[in-house]
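Take a look at the structure below.
FYI, it's all coordinate maths here, none of it is from the lab. Please read all numbers here as calculations on a predicted model, not as lab measurements. Here the Cβ positions follow ideal geometry from the backbone for every residue, glycine too, while neighbour counts run over all protein chains shown.
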There are 2 protein chains.
Amino acid sequence: MRTNDSDRGRTTGQLRDFARTRDLFEIPRGIVYFDGNSLGPLPRDAVEKVRRVMVDQWGHELVLAWNTAGWFAQPRRVGDRIARLIGAESGSVTMGDTLSIKVYQALASAIEMNPQRRVILSDVGNFPSDLYMAQGLISSLNQGHQLKLVTPERVEESIDTDVAILMLTEVDYRTGRRHDMARLTAKAHARGALVIWDLAHSVGAFPVDLASAGADFAVGCTYKFLNGGPGAPAFIYVAPRHAERARPALSGWMGHDKPFAFTKHYVAASGVERMRVGTPPVLALAALEASLDIWDQVDLDALRDRSIELGDLLIALVEGCCSQLRLVSPRVACERGSQVSFAFDRGYAAMQALIARGVIGDFRAPDIMRFGICPLYNGEEDIRKAAAAIDEVINGCVFSRPEYQVENAVT
Amino acid sequence: MRTNDSDRGRTTGQLRDFARTRDLFEIPRGIVYFDGNSLGPLPRDAVEKVRRVMVDQWGHELVLAWNTAGWFAQPRRVGDRIARLIGAESGSVTMGDTLSIKVYQALASAIEMNPQRRVILSDVGNFPSDLYMAQGLISSLNQGHQLKLVTPERVEESIDTDVAILMLTEVDYRTGRRHDMARLTAKAHARGALVIWDLAHSVGAFPVDLASAGADFAVGCTYKFLNGGPGAPAFIYVAPRHAERARPALSGWMGHDKPFAFTKHYVAASGVERMRVGTPPVLALAALEASLDIWDQVDLDALRDRSIELGDLLIALVEGCCSQLRLVSPRVACERGSQVSFAFDRGYAAMQALIARGVIGDFRAPDIMRFGICPLYNGEEDIRKAAAAIDEVINGCVFSRPEYQVENAVT
């Protein structure tokens, strides 16, 4: 699944040793952070980067900064930096909005590109918002489309010639189970379906290779492993072979061929630019750019190797002390993303007790304790601390204490 | 059009004298800024506010800040502060995405609420992106809807019983011409149409009274007069009488009744919360909150009075020296927003020459020179400086110099 050096998807980079990269992030002393698959930590340089954009550009250049500071080109510029991380062709990724909006855009375009069929196939491990956006679109269209959900294991056998679109999140947000992108994409294409990949838990977790897999569309967020900040902008990829014919359903002025001609009729811009909608979120993109200053250097193969070592170690240590926890992530490393999840019926309370001990993971209903691993700031010491805390909380029945019996909070 | 004190739309405030409010903004020495109707200037406190959210919340609280720092409730909290400025009921406004997306949401919901009709009526003075979004939605729906465009003057007479939705921007982005919201809304309702108001050039320009006008939906951006920053999040208003039945087309998880139950089927949240889509843009909302710290204090009636004085003065001074410029904004103050526009066939070059002299307005094709006025940072001295610079540029034929004969730039 790895890409060779080329103009796209170069996985190599000078940053192969992650022993000191933790210092690039603001993580409070004593905290072991395993929730970068929900919200990545603050890159230290992002504070100054955003301040400079606010003061030097917005403050001093005012509206002129749209040109002088290159704000209009920012979504494409940032998109090209994301492209390397996901094996996408240069110029095939743009930024903006949220992941849910990008799912809608990809799906709305794809549906029109396969007009004879009515089935959108997904799985029950997809992130709910992706399913909700599909449901909303189907209801709006009122053309008899159907969202068919199967278990992740049955996706491959369910790809038949009724399927218009295969819409999947590559890595399951709860279990970390990873789909085989290349294999499923090939099967979908063989059956005449288009494929949309949600890379929310893939980008920054391991090398992705969209182009080699032949993906039609892909979308993702940047606030998880990419550390772009809370509510950081999303990205969308359109395969270059589709980019001139994919009709943008959300046809905003920034995706117009000539936005500043202010004509009354929409004409789609060339390529992925047409997937831009409104005014780009400049400050949020600036924070993300600071994080990409790190990511630009990262050797994705080395990162993946280290992630697997750390994940395997966590599994071994936890299974060695806590039989009460059941591994729900794939044991085989290549079949999972960069997280390890355990099921435990008192998981919410147990996670609260871990957080009180400075080990921050999270909980997903009904019973899943998640530990996201990012080698940029997680090392072996973190894994050992987490395992020790899990041992204490589970075997000491700490989770039974009254202070942890609170109602599930929103995260 | 003004609202009395009540739980909604209180236009009064302690800030009635704007002599020293310019110091609340970062505007470079020597610059006269008349482009707050494109991008408002940086509120000085926004830099520290964003820094604190980045360091103290994102940095120190990490993912826990979603609860501890109240990030989940931020769109509604900010929406309630916008509500006062637009005469909206408390709890009827939420934040997120871009204005184009919000237009799409309002229109998609409204179309389903008036299913027997097919005409969406708008005018050629509407902002192009609003028209583009309607065109995109109509194309997706493929149900025979028609976007009918008339001149602004003919909107009222064109509201007939074929019209499903009247979709207007209250203030014309080029001329500043202001529609009569209450009158047009009443006529539309009398003919069985729903109304969507785009308040991009209204909010922060004068008191708006959505509730008294009986508007059905409204949308707006916050980077113009509200000074929320480049690409700041948009808002959407849904009249409380519609809020439980408006189906959200963009049905993302943040608009779900129970986002963290992670169920597979979308159930719309109660009220305007259903118009939330994806993860809220926390950093961008933080910058906006700093600006709203000022806006919370502003007496909107006093602001409007001052805006009219300054606009009338600019018109008088420019007309007194430059007959070459033709006023295209309404001469009667109550019929215009907070901008003054002149047509001039060499307008682009003339505006470049003004900008070179530190007077920043902007240009809109084909020949419009715009001057947006915000009494929070524009005073009489600004108006006199601008008029003197216009005199020099126009009567000295400065615009003919080679350095101003560049191609129109993107803004």
| message | What percent of all Cα-Cα pairs in region A:81-174 falls into each 10 Å bin, going from 0 up to the bin containing the maximum distance? | response | 15, 44, 34, 7
| field | Signed unit charges on C-beta, dipole axis of the protein assembly as shown, positive-most listed residue A:94, B:13, A:104 | value | A:104
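Which links in A:258/B:102; B:102/B:187; A:148/A:224; A:49/B:224; A:264/B:148; A:102/B:102 stretch past 19 Å when you go from one Cα to the other?
On the way: A:258/B:102 22 Å; B:102/B:187 24 Å; A:148/A:224 28 Å; A:49/B:224 23 Å; A:264/B:148 11 Å; A:102/B:102 15 Å.
With Cα atoms farther than 19 Å apart: A:258/B:102; B:102/B:187; A:148/A:224; A:49/B:224.
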| field | Ranked by how many other beta carbons lie within 10 Å on average, peptides B:56-65, B:256-265, B:228-237 from highest | value | B:228-237, B:56-65, B:256-265
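Counting alpha carbon pairs within less than 8 Å and at least 6 residues apart, what relative contact order, in whole percent, applies to region B:280-393?
Numbers: 120 pairs, mean separation 29.9, N = 114.
Relative contact order here is 26 percent.
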| remark: Note on region A:142-218: alpha-carbon gyration tensor, axes a ≥ b ≥ c; rule is a/c under 1.5 for rounded, else prolate if a/b larger than b/c, else oblate; result prolate
| said: How big is the dipole moment of region B:269-345 about its Cα centre under a simple scheme where the beta carbon of each Lys and Arg is +1, that of each Asp and Glu is -1, and everything else is neutral? Debye, nearest 20, please. | reply: 340 debye
| remark: Of A:177, A:154, A:191, the most mobile residue in a GNM of chain A (C-alpha springs, cutoff 10 Å) is A:154
| said: Considering only C-alpha atoms, what is the centroid distance from region A:139-217 to region B:159-189, in Å? | reply: 44 Å
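About its Cα centre, how strong a charge dipole does region A:83-127 have in debye, to the nearest 20, once Lys and Arg get +1 and Asp and Glu get -1 at the Cβ? Walk me through the numbers on the way to the answer.
Details: 4 positive and 4 negative charges, 14 e Å.
Using only the charged Cβ atoms, the result is roughly 60 debye.
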| message | Under a Cβ-only charge scheme (Lys and Arg +1, Asp and Glu -1), can you give me the dipole magnitude of chain B about the Cα centre, in debye to the nearest 20? | response | 680 debye
| query | For label points placed 7 Å from Cα toward Cβ, what is the shortest-first list of nm distances from residue A:392 to its copies? | reply | 7.0
| field | Highest-fluctuation residue, A:313, A:42, A:226 considered, GNM on chain A with Cα pairs under 10 Å | value | A:313
| task | Grab the alpha carbons of the protein assembly as shown, take their convex hull, and tell me the volume per residue in Å³. | result | 146 Å³
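Give the whole-number value, in cubic angstrom per residue, of the convex hull volume spanned by the C-alpha atoms of region A:227-294.
Details: hull volume 7.1 nm³, N = 68.
With only Cα atoms used, region A:227-294 gives 105 Å³ per residue.
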| said: Restricting to DSSP H runs of at least four residues, report the calculated mean residue ellipticity at 222 nm for the protein assembly as shown, -39500 (n - 2.57) per run over all residues, nearest 500 deg cm²/dmol. | reply: -10000 deg cm²/dmol
| task | With a ≥ b ≥ c taken as the square roots of the eigenvalues of the C-alpha gyration tensor of region B:329-411, please select rounded if a/c is under 1.5 and otherwise prolate if a/b is larger than b/c or oblate if it is not? | result | prolate
| task | Distances from residue A:381 to the same position in the other copies: list them in nm, one decimal, shortest first, using label points 7 Å from Cα along Cα→Cβ. | result | 5.7
| Between residue A:262 and residue A:334, 0.36 nm times their residue separation minus their Cα-Cα distance comes to what? | 20.9 nm
| task | Using only Cα atoms, tell me the angle between helix B:300-321 and the longest principal axis of chain B; keep it within 0 to 90° and round to the nearest 10. | result | 30 degrees
| task | Take chain B, connect every pair of alpha-carbon atoms lying under 10 Å apart with a spring to form a Gaussian network, then pick out the residue of B:107, B:210, B:149 with the largest mean-square fluctuation. | result | B:149
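R0 = 35 Å: FRET efficiency of residue B:405 with residue A:56, Cβ-based, nearest 0.05? Write down the numbers at each step before the final one.
Values: r = 29 Å, r/R0 = 0.83.
Computed FRET efficiency for residue B:405 and residue A:56: 0.75.
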| Using θ = phi - 60° and Karplus 6.51 cos²θ - 1.76 cosθ + 1.60, couplings along region A:224-236 (whole Hz; Gly, Pro as x) | 8, 4, 7, 6, x, x, x, x, 4, x, 8, 10, 9
| query | How far apart are the residue A:192 label points across copies, placing each 7 Å from Cα toward Cβ, in nm, shortest first? | reply | 4.2
| task | Can you quote the Å³ per residue value for the convex hull of the Cα atoms in chain A, rounded to an integer? | result | 145 Å³
